[in-house]
Amino acid sequence: MSNKITTAQIKHIADLASIPISEKEENSLRDAFEETLDVISELQSVDVTGVEPTHQVTGFENVLREDIVNEENMFSQADALKNSKHTYDGYFVVPRIIDEK
Amino acid sequence: MKTDNTNKNKYSLVCGLEIHAELKTNSKLFCGCKNDPFGAEKPNIYTCPTCLGMPGGSPVANKKAIEWTIKVGLALGCKINLFSKFDRKNYFYPDLPKSYQISQYDLPFCYDGVLETSFGPVGITRIHLEEDTGKLLHKTIEKVNSAGREAGLGHGKQVSLIDFNRSSVPLMEIVTEPDIHSAEQAKEYAKEIRKILKYLDVADCDMDQGGMRLEANISLAPIDKNNPSSKLSKLPNYKVEVKNINSFRFMEQAIDFEMGRQAEILNDGKVPTQETRGWNSVKSITFSQRTKEDSEDYRYFPDPDLPPIRYSRENIEAMRAELPELPAQKSKRWATEYGVEERYSKQLISHEIFANWLEESFKICVKEKIEPNKFAGALINKNIRVSHVMSSIIAVEEFKKLSQTDEVADDEIISVITDVISQNNDAVIKFKSGDTKVIGFFIGQTMRKLGKKVDNKKLGELLLNELKK
Ligand SMILES: [Zn+2]
């Protein structure tokens, strides 16, 4: 394996994904990440001269909708809140976000 | 903290604005849920799997929201990206159910425009379309039902409540170049943007409700002492972003405050920290908002659920052709065509329908040999009350009646004036001590007693004569 991943990089990625990881998981993730990067490195050796970059393969364009309210597809308040652990007065409840001063 | 004059001569403001405005489409940006977060009677009643970020939700972009964004771009002289797309901006926050916001990264619908202000042009960097987030409410729980899902919430517990009625409402973001050099210019620019959005009828821009939100990127550049009028050669190496400003006045105050704060730091030979700050409208200060270290790492990538959008040059030209004449252009044309002062027309032009009604009225004024400017002045001073549902002919008629005067002999007027003067000794003393504003009071009193309409100018002259006796 030629690609090397540092502990700091793994921590950073875990932070971005908001997934806490143990030391053990860190080690197995290191191997997995390095393996993935190796595959990418291999892909980079492919000659793509004359190939237009793209970010989608369906070939679709302009899939748009008219500005019409679709009542049928809307949840009732009770249904919207159905899977929530805590609700209050019709709201979803989460631990206080400390953002204000 | 106010910028004192020494600082004003030493530093020049370098400021760019980001304005967010919610578009008033019927439905949301990526689903058919109702777009009416402020009118909703209850929280979480306009949601579906897509705007709640549930598995299986599939976004489809609202054509009207895109067209309106392009319309605003054209009105602001922007170039239009014929090929554009939506991207995912990844971050975690409870008001963002999918853990990403659908926005536009490198191919916004509009770019490179300009808006003229009386202080100089302000370049528009880009206008893009994105989805709004849910609304958070911070609350201390007071009373809980002992049963159900409120049970786990103890009395006095501090929580945040989320309402997703606003989730995925179309939100347009207009970003400027750092071309703004005073708080007044920032205010003028923002007000003009609001006017244009309202005039084009694409956004209500209700600032109290958060339908329009302002962010200012503020830094200071030293002024070249030898050549103070020279353009800034390079931008400062830092910028402070002030977020969540919900009124024009607060924006002006926030900019002034930051200018003072940053000048003090620069005077000490230091560089202000590059950071995001909030505005505390109670204390009238900005405060540092600690953001997570990695919060800027958004990892944008094209949203695979939303195919790209392509317009032809003809499509865009057709949209341009449909664009109405904008308030600023209209004001200028009315000044030359009808002699209506811009200070009047700028106040009067609010919506396209009313503007058309006004022009119709001006045309009738010209036919009737009435000065349109006087008619406009009467509207401003609310001497005649009108609406666009009233016909222009009737409105001009009303104005004619109002400006018609009765034939009254000078003697009759003077005798009433003498009465009024003798009954209002206090006002006479005020007048004699130099308070000329009381003349309005005398005119009003005389008019009422007389019970007839006389020419204001003539009445004023007669009054002055008597008062000076
Ligand atoms: Zn929805």
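Going by what's in this entry, would B:N226 be described as more than 30 Å from B:A355 (Cβ to Cβ), more than 16 Å from the ligand (Cβ to nearest atom) and out of contact with any His (no Cβ under 6 Å at 6 or more places or on another chain)? Answer is yes for this residue. Filtered by the rule that a residue be basic (K, R) and outside any helix (DSSP H, G or I), region B:348-398 gives B:K369, B:K382, B:R385.
Here B:G32 does not fit the description of being within 11 Å of the ligand (Cβ to nearest atom), more than 10 Å from every other protein chain (Cβ to nearest Cβ) and over 25 Å from the mean Cα position of the chain (by Cα). The set of residues from region B:77-135 being under 19 Å from B:Y300 (Cα atoms) and small (G, A, S) comprises B:S84, B:S99, B:S103.
A residue that is assigned to a helix (DSSP H, G or I) and among the charged types (D, E, K, R) can be found somewhere in region B:437-455. Among the residues of region B:295-343, the ones that are among the aromatic types (F, W, Y) and not assigned by TED's automatic domain parsing to the domain that holds B:A61 come to 2 in all.
Condition check ((1) in contact (Cβ under 8 Å) with a residue 24 or more places away in the chain; (2) surrounded by fewer than 17 Cβ atoms within 10 Å (Cβ to Cβ); (3) under 30 Å from B:A61 (Cβ atoms); (4) among the polar types (S, T, N, Q)) across all residues:
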residue: B:F250; (1), (2), (3), (4): yes, no, no, no
residue: B:A254; (1), (2), (3), (4): yes, no, no, no
residue: B:M259; (1), (2), (3), (4): yes, no, no, no
residue: B:V271; (1), (2), (3), (4): yes, yes, no, no
residue: B:D297; (1), (2), (3), (4): no, yes, yes, no
residue: B:K332; (1), (2), (3), (4): no, yes, no, no
residue: B:A335; (1), (2), (3), (4): no, yes, no, no
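Against the test of being acidic (D, E) and either in contact with a Gly (Cβ under 6 Å, 6 or more places away or on another chain) or assigned to a loop (DSSP other than H, G, I, E, B) (or both), the options A:E42, A:E61, A:E34, A:E25 yield a single qualifying residue, A:E61.
So which of B:S415, B:S392 is among the polar types (S, T, N, Q) and closer than 23 Å to B:A355 by Cα? Only one candidate passes the filter, namely B:S392. If the condition is being more than 12 Å from chain B (Cβ to nearest Cβ), of a type outside the set (G, A, S) and either under 21 Å from B:F301 (Cβ atoms) or more than 19 Å from the chain's Cα centre (by Cα) (or both), then region A:14-24 contributes A:E23, A:K24. Only residues that are at the interface with chain B (Cβ under 7 Å from one of its Cβ atoms) and free of Cβ contacts under 8 Å to residues at least 12 places away in the same chain were counted in region A:31-80, giving 18. Every condition in (1) buried (at least 17 other Cβ atoms within 10 Å of the Cβ); (2) under 19 Å from B:G16 (Cα atoms) is met by B:I102 except one, and the failing one is (2).
Look through region B:14-56, keep the residues that are of a type in the set (G, A, S) and free of Cβ contacts under 8 Å to residues at least 40 places away in the same chain, and return whichever of them is farthest from B:D208 (Cα to Cα). If we take residues in region B:14-56 being of a type in the set (G, A, S) and free of Cβ contacts under 8 Å to residues at least 40 places away in the same chain, then B:G56 is farthest from B:D208 (Cα to Cα). Please work out which residue is nearest to B:K85 (Cα to Cα), limiting yourself to region B:20-29 and to residues that are away from the ligand (no atom under 14 Å from the Cβ) and surrounded by fewer than 22 Cβ atoms within 10 Å (Cβ to Cβ). The selected residue is B:H20. Selection within region B:36-57: residues that are away from the ligand (no atom under 11 Å from the Cβ) and of a type in the set (G, A, S). The member of this set that is surrounded by the most Cβ atoms within 10 Å (Cβ to Cβ) is B:A40.
The values are calculated or read from the model by the stated rules, or taken from the named source; none is laboratory data. Quick caveat: nothing in here was measured; it's all calculated off a predicted structure. Neighbour counts are summed over all protein chains in view; Cβ atoms, including those assigned to glycine, are modelled from backbone coordinates with ideal geometry.
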